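Note sheet for the following structure.
A short reminder: the numbers here are calculations on the coordinates, not readings from a lab. The model shown is predicted, which means the values in this text are computed figures rather than measured ones. Note that we place each Cβ from the backbone using ideal geometry, even for glycine, and neighbour counts take in every protein chain shown.
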Amino acid sequence: IWGPKTSKTVVSRQLGGEAGAPLVVAPIEPSVTMSFTCEGNEGAVLTTESPVLRYRIGDESAATQWVKDNEPEILRQYKPIVERHGIWVVTKTYTSRRCGVAVMSSKSSKVEISIGVSAPGLFSLKPTSSWKSSNEHLAHEIHDDDKGVVVFISGVYFAKKLFSSKLKHLADQEDQKNKIFRGGYEESDGGNESE
């Protein structure tokens, strides 16, 4: 089961509700309310509705080979992006029919999320649209799609070799940590790139 996922600067605690509450007549549904507080200048919380499904390609070496086979064309078309950020090839996705995201932009920002319980003692993560915020330094959204909303991805990462026009596969996460692409990239016709 995927519980709520938080960034490093966010701490959580249970406020109330009972996971073992009996399932009585609808529409009353037992739930647990969780409080999430940002202890840094920024933080985020992701909740998903169960089940979370994983989709993946069978063999990551196929993705690695694809990059090697297409390296000249990738560098020809996207050289500034690859030099600045590297390139990720997504090999796994995790999806849910419903997810909620809260982004906190100040220290002590707080959000409360209600998590539904489908049977006594069995959590069924159901983010609600009634999130509560203690201040205006919070943005939150609920995303619904019967075909699935992507909530997490992973894959293989390549960066341009120093003093070379070749790409290097970086499998070590320590080598990747400063290369994560964190924003939009607008192709321009000679002007400055925006990020």
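Summary of computed values
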quantity: Out-of-range pairs (alpha-carbon distance over 32 Å; input LYS79/LYS107; LYS92/LYS166; LYS5/LYS166; LYS8/LYS168); calculated: LYS79/LYS107; LYS5/LYS166
quantity: Efficiency of FRET between LYS161 and THR33 - r from beta-carbon atoms, R0 41 angstrom, step 0.05; calculated: 0.20
